[in-house]
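J.: Below are the structure tokens for one structure; questions will follow.
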Amino acid sequence: MRRIAVRAREGGLPGLFWLGGFKSDMQGTKAVALDAWAADRKRACVRFDYSGHGESAGDFVHGTIGRWLEESVAVFERFCTGPQVVIGSSMGGWMALLLARELGRRPASRASLAGLV
């Protein structure tokens, strides 16, 4: 089991789901600015650190795109409800596309993809 650090803000929909870049974390400038924007507008916002990044457990050198995708799907399914706009920065943009593809392969859940940025 991996210990993944998550910050989940409840609020209105569509919610925002942040996917950070390579060696970035959820306390970075863009992630924090997005969370502040969501707070000002009373929007739901979820951000997290991939394993080996920021506050999450694990060694960065053991990370792979596949591992980080698994974590992204798990956080999305556990912490998101209703339509979500997935926002990716740098590698997070690639992760957003992989997440969208993976969600399309799964049965409908309590959260859905409303858009990608």
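All of the numbers you see were taken from the coordinates with simple rules; none came from a lab. For clarity, every value in this text was computed on a predicted model and none was experimentally measured. Note that each Cβ is placed from the backbone with ideal geometry, even for glycine, and that neighbours are counted across all protein chains shown.
J.: For the stretch 67-112 and the stretch 25-42, what is the separation of their Cα centres, given in Å?
T.: One Cα centre to the other: 18 Å.
J.: Antiparallel versus total DSSP beta bridges in the stretch 6-116: what percent is that, nearest 5?
T.: Around 25 percent antiparallel, to the nearest 5.
J.: Once every DSSP H run of n ≥ 4 in the chain is given -39500 (n - 2.57) and the sum is divided by its residues, what mean residue ellipticity at 222 nm do you get, rounded to the nearest 500 deg cm²/dmol?
T.: Result for the chain, helices only: -11500 deg cm²/dmol.
J.: Just grab the label-to-label distance for Thr64 and Gln27, each label 7 Å out from Cα along the Cβ direction, in nm (one decimal).
T.: It works out to 3.0 nm between the two label points.
J.: Can you give the net charge of the other residues whose Cβ lies under 13 Å from the Cβ of Trp94, counting K and R as +1 and D and E as -1?
T.: 0
J.: What nm distance separates the two modelled labels at Ser109 and Val6, each placed 7 Å from Cα along Cα→Cβ?
T.: 0.9 nm
J.: Along Cα→Cβ, 7 Å out, is where each label goes; now give me the distance between the ones at Leu13 and Thr81 in nm to one decimal.
T.: 1.0 nm
J.: For the stretch 6-116, how big is Rg over Rh, using alpha carbon atoms and the Kirkwood form of Rh?
T.: A ratio of 0.94.
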